[in-house]
Amino acid sequence: MDSALLLLGQSLSLSAKVVAFGMLAYVYLKYQRVPALYWSLSWLSASLSILSDMLGNLYLLSLAEAFWAAFLFYGVIELLKENCILAEEFKIVSIAPVIISIYTIFLGNFGYSSDWFVILGLPYAFSSLFIFFSGILLLYTRKTYNSNALYLGIILSIHGIHKLDYPLLRHTGWFSPIGFTLGAVLTVLSACLMVKFAFTEKFIKFEKPSVELHFKPGVMIITSQEYLRVKETLKDVPVLAFVRNLEVPETWKRFFITNTTEHDAISPTNLGKMAEMASRYFKEAHEKGFEGVVLIDCPEYLKTYNGFDALVKFLASLKDFAIFYGGVLILVMEKNAWEEKELRLLESSIV
């Protein structure tokens, strides 16, 4: 392959990766979106991969590819965790490419193997698989992020599959121009689509609202009639809502409380997940300088599935989160659906 063409392609690929790193880092610094932080680090690692290849340093190339895949995968898992699709514990899996890379570097440095496939081919292929699976997992967020998640997920998956051919066809002369061109195109597409994804309104969902709220931190209990007015007041606020009635403003991040397995659905018995989400939301809102609002329109429904005592403990913990982070918990309740004793205990515990 012509060395001038190779250098030009490497320069263009490096430029795309550096720009993607800068744009995603900006999203993190401005909006504190954690997935954007790890994606920016993934493109920084990808930039180091290009430089390592240009320098001919196999060990650094292996490690840079591993961190590229690891940061990308970690950012995707963080996004899935936010949308309650995967648990936080899956993050530990992202370290696997780095472990494989360090292990093969150890083998090469201490003379256990000088084989190119062991030193670079194997860890490179393993890292490529993680890029592929990052794309596949992103597809699970398409109900929230629509075509942005669909296109980015598909391109990342294809990119990962293409990178898998590197250990097999790297030294095949006829394939080099094809593989090089395809890789450069997929790199630019991946970078552009990820930057576009990160700048969508739905991704930057916890931006400080334009309206000023003046709620007293703690708990508010309102009726269904008052709820209509509250919806209008909070229509421009990124409320975290656990609801049975799905007719809420588009700016709200709502989760349907049901026993079905639909996306954005939470089981009424999974109070722990709701508490964890509320805690994280209140914290993020506080860090961005506005009052977080968590709303539950179905405490009676939750009582049916969990019992009164469990519900009181759950609501008391949410009250503590709200007070600690200067937010408010809004409960939509119909008092005639509660026993008088229950109402007294509930109000004494959370109001």
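The values are calculated or read from the model by the stated rules, or taken from the named source; none is laboratory data. Nothing here was measured: the structure is a model prediction, and the numbers come from that model. Quick reminder, even Gly has a Cβ in these numbers, built from the backbone with ideal geometry, and neighbours come from all protein chains shown. What goes into the accessible areas is simple: the full protein's heavy atoms, side chains included, and nothing from ligands, DNA or RNA. Shrake-Rupley method; radii C 1.70, N 1.55, O 1.52, S 1.80 Å.
Tabulated values for the structure
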{"read-out": "Residues of segment 214-250 satisfying the condition of being free of Cβ contacts under 8 Å to residues at least 60 places away in the same chain and of a type in the set (Val, Ile, Thr)", "value": "Thr233, Val237, Val239, Val243, Val248"}
{"read-out": "Among the candidates Trp68, Trp39, residue that is touching a Leu at 6+ places or on another chain (Cβ under 6 Å), under 20 Å from Phe132 (Cα atoms) and part of a helix (DSSP H, G or I)", "value": "Trp39"}
{"read-out": "All positions within segment 140-150 that are more than 12 Å from Thr200 (Cβ to Cβ) and either buried (at least 17 other Cβ atoms within 10 Å of the Cβ) or without any contact (Cβ under 8 Å) to a residue 12 or more places away in the chain (or both)", "value": "Tyr140, Arg142, Leu150"}
{"read-out": "Neighbours by Cβ (under 6 Å, 6+ apart or cross-chain): first from segment 274-303, free of Cβ contacts under 8 Å to residues at least 60 places away in the same chain and under 25 Å from Ala337 (Cβ atoms); second in a helix (DSSP H, G or I) and open to solvent by less than 10 Å² (accessible area, probe 1.4 Å)", "value": "Ala278/Leu318; Val294/Ala278; Leu302/Leu311; Lys303/Leu311"}
{"read-out": "Qualifying residue in segment 272-285 (condition: among the aliphatic types (A, V, I, L, M) and surrounded by fewer than 16 Cβ atoms within 10 Å (Cβ to Cβ))", "value": "no"}
{"read-out": "For Asn245: the one exception among (1) at pLDDT 80 or above; (2) in contact with a strand residue (DSSP E or B) (Cβ under 6 Å, 6 or more places away or on another chain)", "value": "(2)"}
{"read-out": "Every residue from segment 119-160 that is under 16 Å from Ala70 (Cα atoms) and hydrophobic (A, V, I, L, M, F, W, C)", "value": "Leu122, Ala125, Phe126, Leu129, Phe130, Ile131, Phe132, Phe133, Ile136, Leu137, Leu138, Leu156"}
{"read-out": "Some residue of segment 35-57 being of a type outside the set (S, T, N, Q) and in contact with an Asp or Glu (Cβ under 6 Å, 6 or more places away or on another chain)", "value": "yes"}
{"read-out": "Flag for Ala265 being at pLDDT below 90, of a type in the set (Gly, Ala, Ser) and closer than 20 Å to Lys143 by Cα", "value": "yes"}
{"read-out": "Residues located in segment 287-296, provided they are touching a helix residue (DSSP H, G or I) at 6+ places or on another chain (Cβ under 9 Å) and surrounded by 16 or more Cβ atoms within 10 Å (Cβ to Cβ)", "value": "Glu291, Gly292, Val293, Val294, Leu295, Ile296"}
{"read-out": "In segment 117-155, the residues that are modelled with pLDDT of 95 or more and touching a Ser or Thr at 6+ places or on another chain (Cβ under 6 Å)", "value": "Phe132, Gly135, Ile136, Ile155"}
{"read-out": "Members of segment 16-35 that are surrounded by 21 or more Cβ atoms within 10 Å (Cβ to Cβ) and either touching a Cys at 6+ places or on another chain (Cβ under 9 Å) or at pLDDT below 95 (or both)", "value": "Ala16, Lys17, Ala20, Val27, Arg33, Pro35"}
{"read-out": "Single residue of Ile77, Ile85 found to be within 30 Å of Thr261 (Cβ to Cβ), open to solvent by less than 10 Å² (accessible area, probe 1.4 Å) and either at pLDDT below 90 or assigned to a helix (DSSP H, G or I) (or both)", "value": "Ile77"}
{"read-out": "Output for segment 19-49, where each listed residue is closer than 21 Å to Tyr124 by Cβ, in contact (Cβ under 8 Å) with a residue 40 or more places away in the chain and among the aromatic types (Phe, Trp, Tyr)", "value": "Tyr38, Trp39, Trp43"}
